[in-house]
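A.B. asks: Here you go, one structure.
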Amino acid sequence: MAGKGENGKGAYRGKSVQLARLLNAESVRLLDLYKQRESFPQTAISGERLVSVPCPTPHLPMGEKVLLVHTALGQCQGLLDRAIVLEDTEMGLTGDKDCKEYLGQRKIVKERLGHLLQSTRGLLVDGVGTTAAVAGQARAEEPDGGLFALKVWIYRIIQDVVYWTNMASETLPMAPMQAVTQPRKMAKIRRKGKRTGSTEVMDIL
Amino acid sequence: MSSMLLHVLWCLLLMASPSLAQDGSPLGVPQQVGLEKDLDAQALLVTWQCDRESFFDIEIYRTEFMEVIFNETVELSSGKRSGVCHWNWTSVVPLECTSHSIRVRSRSQDQLRTSGWSDFQTTEGKDMPENTDAQMYPQDKVVLVGSSTTFCCILGEGEVLEEIRYRSRVMTPTRVSRRSYIVTQTLQPPSNSSGTNVLCLAHNVSKLANGAAIFVGYPPDDEGLICESQDLVSAVCQWKEGRPTRLLGRRGTRFTLNGRSCRPPKGSRRCSWEQWEGNWTLTAKNPLGIKEIRDSAPLSQRVYPVAPGNVKIPVRNARNATLQWSWRYPSYEAFPLTCQVNLASNGDAVTLNYSGAGLSLVLLENLWPYETYGVRVRCGAQIHFWRWGEWSKEITFQTQMDRPETPDMWIRMDSQDSGQVLWKPLHKRDSHGTLVRYEVRQGSTSEEGEQSVDVPASQNSSPLRLQSGNNGSSSETLVSLLAHNAEWASEPTQLTVPKFWPDVDVTGSEISSREGGFDVSWLASGNASYGYVVEWFDTACGQQCTVDWRKVPEGTTSARIESGDLESGMRYTISVYGLSDEGPQLLDRRHGYIEEMVPAEPVGSLEASQYESSVSLSWQEAPLRSQRGFVRGYNIYLANVSQYTLLANITDPSVRNYTIRKLGLGTYKFTVRAFTAAGEDGGSTVSIKLEPYSDLLLFEMLISLAAMSGFLILVTALCYRKRQWVKKAFYPEIPEPKLAGDWGSSQATLDVKPSPVHSVVQIVKNPQWDSSKEGLVTLSEEDEEDSASNSGSDTDSDEPGLLRYYNQVVGDRDSGGQGGVLRLPADSSSSSVGSADTDVTYTGIQTSPCTLEPPTLAPTQAEGPVAGVNGGGYRPQASAPQQQQQQQQQHQPPQQLELQGGRVDAGEPNVGAPSAASFGGYKPQCTWRPDSPDEGNGFDVGSVGSPTSVNSSQFLIPDVSEDDSRNAGSSSSTATTSWIPSFLSSKP
């Protein structure tokens, strides 16, 4: 049974990894379309990442890495949803026939991001900690400047989606072996954190 | 010095003059100069105190570089009450780009005098040091397509400009302050929905310093406002977009209808109004402009009825039905309406028009029985028709069944007493219900009673078999046909059974086609009281014929046969019958093709047969099905390796053989191709190898014989003319032997002693018998040569090889030549001795052979031959057994020495080996005769040509009598060859 469970977990993880890789490719494509439409330079725009989740460091346990990825993807989803609303409101993209491909790709990324979020939640040991993880808010607020600032903001959001989907595709393959034990450890850490008032996770978030 | 003084004075005058009024009083410096700015409008608003209409000089600077960008004199008047002058200036460059300073001075009416400048009034730009961030202006500006816009990029502190791009195009910047650069884009094209980006890229920050978006589009251009009413109360106004503004989102067009905002559904241009107002104004507005469009009409002229609801068929009959519907609004009940009913069945649709106040019920007529219809309805205003309203939902209904139509029947006779009753299947529109069966009735016009047969509805024929009546005629048989559907039976159709007319292909009966059909015409028949029937079918169909026909009314004598079933390359038989009380009568029959094609199959049974030097070809025509056209003839080809050579073109298709004459021996391939109007078939090929025929063989043999005969005659004639030479060459006169001794008295035994190879046998007299005579001695070749040379006159010097012996007769007429030595030629000796080069020399041959006694043994070197000689005479061929036999015969009485047949072959020593009796001894002497034919034992002329040996014939030719008795078998050969010497010996 254990073996069967491990196999099932492995298969589930495999699907998550494939989904992350696919979404990464889709988001890269979306970024290309966006840059093409806005005539943005090919080099990345500097500045802080909008997703307020630190990059997983090698010394972190795998379970925590998965949690970080899951949290970041959740923020990406929130940012992307908001960007879509603003983009449609301010620019009226839905009425532009020349934006069909971009809009289609945007829809794909949005939906797949939701699927990946669901998938990574499954790797988080019965979803423990996901509430706290998703609750993390993005660092950046909506721009209050002109439309160009909004465009740069959306650009950064897509950049973050690309970054974190890539991170997910690299992190998730190592998730199952850790995940079997990691949830309890995470729970302990969390409980310990509550007692001590500082845990790694809380620090991360 | 003086000039310098004048110059200073002039300058002082100029400086003092503006301060002087027209009347000479000094001009005052503008007071309370104020400066305001409108960033969106990029305008500076300047105010100052002024008393009356006057002129002012105004200067505007870019503060940081103190660059004058405006310097003009303007005429202004103060407000009547305020005493303040206002002046606006619109900048091309956004005012945020850098700080601007302005100053004003007064100018006199004559514009010759000015006041002093006011103090600078400055408005700060966004490039002040306290604003360290990078910025770009203007932001989110909306401009008209084709206009020009100037942008400025304010770099962040410490940044260095790399480039400014408009969309993707690199612009040329102009520096207007320490951190601010401007670019201007002219003739801007329409932007996309998200605007056109202007990017400012810096070196030392990750490229993108800042940017701005600009929206380039058009003002609204909506048109065609039309307001209608559906419920006879409210209004719905619609219009068209016109040229797209290219502005979307917040910059998109906003609409108001009669001053009230309306928001059309996405993708449409439509707004509703609760009450009809008669006059309508639509305002379309976007950042670039406003457009108003109007419409005006009374409600009655703008009625657009709604779709009828609750459409149903309350009554259904076979050929009519009623259609009913209801209106959503009660106001329709009295409103005059005109309605269209769309009735569709089997892909065909008809439109019926009805009208009336509050119309909601109509009668549908002329319907097909048992037909399914789809029906829908729409209406419009009967008075002041505006346009048709919306279609109702379509409903379907089916009419009732009715009596089927009378089926179209025809009878085709296969023989005198059998045929098929054929009818065309009733179309659904003709069956008027689900067809159940057909009923075929067969009866006689003269007799009562009918036979009835039910045929399933799926069949279109029924076999017909006639039973001869009393008079043996079947022409009065009447056939009736009825069609039955589930509820009704059709009226019967009747036809008298026609006679049987076999389909005979008659020359000249062809009918040509035109545009995929046959145009058939015929002579009118007085008997065709019921019209005509044109029948056609596939000629090659056999018993499984699909017959089609068409009935032609009386008075019409032509018809066109055109059907999708007609196929190219298929022969059709087309018959015209006249219908009368006596039944159908055949009037005409033709054959034709819709389109002729090349035969699908070559001629059959192609055979080739040789007759002397001719080849006769015969073939059979292809089956009718494969002809696919009227065969117009045949082409005969000689098939070579790479080409066909036309030999004959037979234009008579009945000719199916052809003879090719005067052909040489060899192999030929002939191809026969039938051709139609469309061309030739693939051809059938036959190969034949011409052999020498008997007459030719006989002829050749005769020629050969004649040639041979001629040659022989020529040779004979030649030999005859040259007989002297021939005789001399081949049969020279042999001199008579002349013996030196007394040969006549002596009876010595001829002792032949063959020498070994190349030895010479010398025949000598037995010294014992007569020592005084010279005996036969063995001579060496040297001796022989010597003797030959000595013989001189006895040897034919011309033919030494052939005449190397002396045909001497040793006897009384011995010529007594040189020692009586006789030499045998080489070939003769070789035959006898077995050695190819043995020469036998006869010396001292006895003259009376019959009296020869067996020779006594003489010492010899060659044991065999000697033994033979000792036994029975000369036996050079004798083998060992023969020698033994001869030895046994030594005790027998002496016999003549004889060379059997003279055919002595060195290679076959036993050939011709005589039996003991036959070669009882070589007895040439017995046959010898004197050279003179006058003597009794003279030389026999007939033996001269003995094939035994030309050189020794006189020795070998046997005596005639002996020949007859001993060797009858060889007589024939002797006889056949004896004519030559006779011929040669005869004198001319």
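Each reported figure results from applying straightforward, stated rules to the coordinates on display, with no laboratory input. Predicted model only: the values in this text are computed from it and were never measured. Counting neighbours? That spans all protein chains shown, and the Cβs are built from the backbone with ideal geometry, glycine included.
A.B. asks: Return, ordered by residue number, the residues of the stretch B:282-297 whose backbone nitrogen is under 16 Å from a label point located 7 Å along Cα→Cβ of B:Arg260.
C.D. replies: Flagged as within label range: B:282-283.
A.B. asks: Moving on. Once you place label points 7 Å from the Cα toward the Cβ at B:Arg387 and A:Ser52, how far apart are they in nm?
C.D. replies: It is 5.7 nm.
A.B. asks: A follow-up question, please. What FRET efficiency, computed as 1/(1 + (r/R0)^6) with R0 = 51 Å and r the Cβ-Cβ distance, is obtained for B:Glu223 and B:Glu554, rounded to the nearest 0.05?
C.D. replies: Once the sixth-power term is evaluated, E becomes 0.15.
A.B. asks: Inside 10 Å of the C-beta atoms of A:147-156, what's the mean count of C-beta atoms belonging to other chains?
C.D. replies: For peptide A:147-156, the averaged partner shielding equals 5.
A.B. asks: Among B:485-491, B:346-352, how do they line up from the highest to the lowest mean number of other beta-carbon atoms within 10 Å?
C.D. replies: Order by mean packing, descending: B:485-491, B:346-352.
A.B. asks: Okay, moving on. Under unit Cβ charges (Lys, Arg +1; Asp, Glu -1), what dipole magnitude, rounded to 20 debye, does the stretch B:347-429 have relative to its Cα centre?
C.D. replies: Here the stretch B:347-429 has a charge dipole of around 400 debye.
A.B. asks: With a cut-off of at most 14 other beta carbons within 10 Å, and DSSP calling the residue loop, which trypsin sites (Lys or Arg not before Pro) in the stretch B:386-459 qualify? Please list them.
C.D. replies: Working: sites: B:Arg387, B:Lys393, B:Arg412, B:Lys428, B:Arg429, B:Arg437, B:Arg441; in loops: B:Arg387, B:Lys393.
Filter output for the stretch B:386-459: B:Arg387, B:Lys393.
A.B. asks: First measure r as the distance between the Cβ atoms of B:Phe120 and B:Thr172, then evaluate 1/(1 + (r/R0)^6) with R0 = 41 Å and state the FRET efficiency to the nearest 0.05.
C.D. replies: On the way: r = 30 Å, r/R0 = 0.74.
Using R0 = 41 Å, I get an efficiency of 0.85.
A.B. asks: Separation between the A:Glu111 and B:Leu586 pseudo-spin-labels, each 7 Å from Cα along Cα→Cβ, expressed in nm?
C.D. replies: Result for the modelled spin labels: 7.6 nm.
A.B. asks: Round to a whole angstrom and tell me the spacing of the C-alpha centers of the stretch B:235-253 and the stretch B:411-435.
C.D. replies: Rounded to whole Å, the Cα centres lie 68 Å apart.
A.B. asks: Ranked highest first by average number of other Cβ atoms within 10 Å, how do B:530-537, B:692-699, B:415-422 line up?
C.D. replies: B:530-537, B:415-422, B:692-699
A.B. asks: A follow-up question, please. Given the pairs A:Lys97/B:Lys141; A:Lys65/A:Lys107; A:Lys35/B:Lys291; A:Lys97/B:Lys240, which span a C-alpha to C-alpha distance of over 30 angstrom in this model?
C.D. replies: Values: A:Lys97/B:Lys141 22 Å; A:Lys65/A:Lys107 27 Å; A:Lys35/B:Lys291 36 Å; A:Lys97/B:Lys240 18 Å.
From A:Lys97/B:Lys141; A:Lys65/A:Lys107; A:Lys35/B:Lys291; A:Lys97/B:Lys240, over 30 Å: A:Lys35/B:Lys291.
A.B. asks: Return, ordered by residue number, the residues of the stretch B:652-667 whose backbone nitrogen is under 20 Å from a label point located 7 Å along Cα→Cβ of B:Glu510.
C.D. replies: From the stretch B:652-667, the list is B:652-657.
A.B. asks: Take each of the peptides B:357-364, B:211-218, average the number of other beta-carbon atoms within 10 Å over its residues, and list them starting from the highest.
C.D. replies: Descending mean neighbour count gives B:211-218, B:357-364.
A.B. asks: Loop only per DSSP, at most 14 neighbouring Cβ atoms within 10 Å: give me the GluC sites (Glu not before Pro) in the stretch B:290-368, ordered by residue number.
C.D. replies: For GluC sites (Glu not before Pro) across the stretch B:290-368 that sit outside H, G, I, E and B with at most 14 neighbouring Cβ atoms in 10 Å, the list reads B:Glu365.
A.B. asks: Taking +1 at the Cβ of each Lys and Arg and -1 at the Cβ of each Asp and Glu, which of B:Pro599, B:Ser642, B:Ile713 sits farthest along the dipole of the stretch B:580-732 towards its positive end, judged by Cα position relative to the Cα centre?
C.D. replies: My answer, from the dipole projection, is B:Ile713.
A.B. asks: Which of A:Thr94, A:Leu80, A:Ser119 sits closest to the plus end of the dipole of the stretch A:64-124, meaning its Cα is farthest towards the positive end, when Lys and Arg get +1 and Asp and Glu get -1 on the C-beta?
C.D. replies: Most positive-ward Cα: A:Ser119.
A.B. asks: Something else: Give me a single rounded figure for A:33-43: the average over its residues of other chain Cβ atoms within 10 Å of their Cβ.
C.D. replies: Average neighbour count from other chains, rounded to a whole number: 4.
A.B. asks: A follow-up question, please. Residues of B:238-249, mean number of Cβ from any other protein chain within 10 Å of their own Cβ, rounded to a whole number?
C.D. replies: 2
A.B. asks: Let me ask you something else. Calculate the dipole size of the stretch B:520-647 relative to its Cα centre from +1 charges on Lys and Arg beta carbons and -1 charges on Asp and Glu beta carbons; express the result in debye to the nearest 20.
C.D. replies: Around 180 debye, computed over the stretch B:520-647.
A.B. asks: Using a cut-off of under 15 Å, list every residue of the stretch B:652-683 whose amide N is near the label point 7 Å from the Cα of B:Leu646 along the Cα-to-beta-carbon line.
C.D. replies: Hits in the stretch B:652-683 for B:Leu646 at 15 Å: B:652, B:671-681.
A.B. asks: Would you please give the residues with an amide H less than 5 Å from that of B:Val603, counting only those at least 5 places away or on a separate chain, with H modeled from the backbone geometry?
C.D. replies: Amide H to amide H, under 5 Å and 5 or more residues apart or across chains, B:Val603 pairs with B:Ala674, B:Gly683, B:Ser684.
A.B. asks: For the stretch B:495-586, build the charge dipole from Cβ charges (+1 Lys, Arg; -1 Asp, Glu) around the Cα centre, then report which of B:Gly583, B:Val547, B:Leu566 sits farthest towards its positive end.
C.D. replies: Checked the options; the winner is B:Gly583.
A.B. asks: Given a Förster distance of 25 Å, report the FRET efficiency between B:Asp454 and B:Lys424 from their Cβ-Cβ distance, rounded to the nearest 0.05. Write out the running numbers ahead of the final one.
C.D. replies: Numbers: r = 18 Å, r/R0 = 0.73.
That gives a FRET efficiency of 0.85.
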